[in-house]
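Everything on this sheet refers to the single structure shown next.
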Amino acid sequence: MLSSILQSLIAVKKAEDEQTKEAIFKLRYNIYVNELKKKNIANIDHKNKQVVDQEDKFSGCSLFYTGNRSSPSGAFRIVTYEYDKLPKNTKEKFSLNIFPELSGYKICEVGRLIINPKYRGSLLMLSMVFTIFKHAVQMGNIGGLLYCSPGLAKLYKKFGYRAYAGNLIATEDGIKLPMIFINNDLEYLNYVGSPLYSLAKKLYKKQQMVDFDYNKIQDRMGDGLSSLNFDQQQVWQSLEEEFLSFQTSQTANIIFENLTIKQIKELSDNGFILEVNRGDKLISQGLSEQEMYVVTHGSFEVISKDGVRLCVLGKGELFGEIAFFSNKGQRTASVVACEDSKVFVISRNYIKKTMQSNQDLAIKLLYNIAKIQSLRLARASN
């Protein structure tokens, strides 16, 4: 099975010359600025239409790409660090002080993973993940780090990355979730059904990877220890406690109106809970994102592009639905936590799949969302 997977993968190449690296930097600009409308990300060179980071110049950095070297279809960066020589900002960003057991080992950071929209949904992503893993092992790393928007966490978890007890990473584009991958944690890779499991098992048996005792750090990794919780039972308990017993405002609980217990359970099984701190910006106006959020605890303020507070949303209320159903998925306002809060996150892909697999549930959800929007319009006009 492993050999058939490897044979079907798309070629991923290392950028060896400046011309290829510049093409990668231009692809970043096209994705981040032209497609995703990320005007606030660091290191944008509008004159040359490139995004070039300081890390791209590090001695331990390798840039990879797929497709044509002058016009790549995808790209990513891997930077290998010795834990004891980590740059201060990197160590703080990933809260790596909670893992003193990594001292004496190497660990890599994966960043700027991007794919041209034309090639999304192909084997390109899987091909990149395999290359990341193989390169990390070859360079003597015990694993890898990355950070992503909360909506992408479930995707990376399928590959074997996991959230941990580190702080959320605040950026101008909203909060990001740090995740970690341990190369030789075969039990976890098998548990999540990672496509990397067979390769990891093979390399481990051949003693071709660093043998790190990951049990020493297990108590700081996984659901319930990070700001993000995928545990189906705990997510269900949170929804059950917060919504099925009472309502707190005019629009609270409408998202679940007329849904059966079974349907709400299905919804909870396909979402996750995200905890944010007071002052965290969960959504940034202008960005292209398509997750939708239901407040399960706390409150959030919605802020216009002019910095004006439009409203405050409390327990049971919904936000992010406009971009959720927009073709471009562009956020129309920013949303900031007024206090330590929790949200239930629903992905657009899940709703799209539900329209095929469970039309009754999808119709009820779409109707309830339309009802919430109409109530808000009515309130705004009064």
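Every number here is computed from the coordinates shown, using simple stated rules; none is lab data. Keep in mind the model is a prediction, meaning the values are calculated, not measured. Virtual Cβ from ideal backbone geometry, glycine too; neighbours counted across all protein chains shown.
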- [ ] Mind listing the long-range amide H neighbours of Leu310? Cut-off is under 5 Å, sequence gap 5 or more, other chains count too, H placed in the peptide plane at 1.01 Å from N.
- [x] Val302, Ile303, Ser304
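Could you list Met292, Met209 in order of exposure, starting from the residue whose Cβ has the fewest other Cβ atoms within 10 Å? Mind dumping the intermediate values first?
On the way: Met292 26, Met209 21.
Ordered from fewest to most neighbouring Cβ atoms within 10 Å, Met292, Met209 come out as Met209, Met292.
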- [ ] Could you line up Ser238, Ser122 from fewest to most neighbouring Cβ atoms inside 10 Å?
- [x] Ser122, Ser238
Open item on the list: I need the P(r) histogram for the chain: all alpha carbon pairs, bin width 10 Å from 0 out to the longest distance, whole percents.
Closed with: 5, 22, 31, 26, 13, 3, 0, 0
Task: Point-to-point label distance, Thr90-Asp269, nm (Cα→Cβ direction, 7 Å offset) - done: 4.1 nm
TODO: Note down the magnitude of the dipole of the chain about its Cα centre, charges +1 on Lys and Arg C-beta and -1 on Asp and Glu C-beta and zero elsewhere, to the nearest 20 debye.
DONE: 1220 debye
Task: Estimated FRET transfer efficiency (Lys206, Ser59; beta-carbon r; R0 30 Å; 0.05) - done: 0.60
TODO: Could you give the C-alpha radius of gyration of the stretch 167-235 expressed as a fraction of 2.2 N^0.38 Å, taking N as the number of residues it contains?
DONE: 1.34
TODO: Find the relative contact order for the chain and round it to a whole percent, using C-alpha pairs within less than 8 Å whose residues are 6+ positions apart.
DONE: 13 percent
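Set the bar at 25 Å for Cα to Cα. Now go through Lys38/Lys176; Lys88/Lys158; Lys93/Lys157; Lys21/Lys118; Lys21/Lys281; Lys176/Lys342 and name every pair that lies beyond it.
Violating the 25 Å Cα-Cα cut-off are Lys88/Lys158; Lys21/Lys281.
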Task: Choice from Ile346, Ile31, Ile107 showing the highest fluctuation, given a GNM over the chain with Cα pairs closer than 10 Å - done: Ile31
Task: Cys338 versus Asp231: modelled label distance in nm, points set 7 Å from Cα along the beta carbon direction - done: 3.0 nm
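Can you tell me how much longer the chain between Lys134 and Asn215 gets when fully stretched, taken as 0.36 nm per residue apart minus their C-alpha distance, in nm with one decimal? Numbers along the way, then the final one.
On the way: separation 81, 0.36 × 81 = 29.16 nm, distance 2.23 nm.
So the chain would gain 26.9 nm between Lys134 and Asn215.
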Task: Helix-only CD estimate at 222 nm, as mean residue ellipticity for the chain, using -39500 (n - 2.57) per DSSP H run (n ≥ 4) - done: -9500 deg cm²/dmol
